[in-house]
1. Taking the condition in a strand (DSSP E or B) and out of contact with any Leu (no Cβ under 9 Å at 6 or more places or on another chain), does Pro72 pass?
2. Quick check on my filter: what residues within segment 12-56 are acidic (Asp, Glu), out of contact with any Asp or Glu (no Cβ under 8 Å at 6 or more places or on another chain) and within 18 Å of Pro109 (Cβ to Cβ)?
3. Within the set of pairs 6+ apart or on separate chains, which have a first residue in segment 108-120 that is at positive phi, a second that is crowded, with 18+ Cβ neighbours inside 10 Å, and C-beta atoms under 8 Å apart?
4. For residues in segment 91-116 being over 22 Å from Glu38 (Cβ atoms) and polar (S, T, N, Q), which is modelled with the lowest pLDDT?
Amino acid sequence: MSKKHLNLGRAGEDQALSFLKDKGYRILARNYRSKLGEIDIIAQDKDTICFIEVKSRTSDRFGLPKEAVFIPKQKQISQAALMFLKEKNMLNRKARFDVVSIRYSDGLPKIELIPNAFELNERFIY
């Protein structure tokens, strides 16, 4: 992965954090890692735990950012989310999977939040 790509990802996550805080989300974790995978941001929106994938792009050449959360990534996020909920003894809490899509144009971010971007599929459970 190139340094430019990593910098874009980090900048996108920083933008997403500010955006989510402004929307009233309480940030619980950033770059949560488990043996099953990584989650960009974990936050609480009212009474719901949100597992948030951040996708940033500078062009639409490879599609829109929100279109880049494919089934394998959904599976990885889902498994890591279950691990987080177990670790924190939160399995009884409401949870959802959101995507924050960031498209940079002329250096300015256009941010879109997609709540419930995908659902936990039973096939994803290990």
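1. It is false that Pro72 is in a strand (DSSP E or B) and out of contact with any Leu (no Cβ under 9 Å at 6 or more places or on another chain).
2. Asp14, Asp22
3. Within 8 Å, the pairs are Asn116/Phe97; Asn116/Asp98.
4. This residue is Ser105.
The values are calculated or read from the model by the stated rules, or taken from the named source; none is laboratory data. Bear in mind the structure is a predicted one, so any value in this text is a computation, not a measurement. Positions of Cβ are generated from backbone atoms using ideal geometry, with glycine treated the same way; all protein chains shown enter the neighbour counts.
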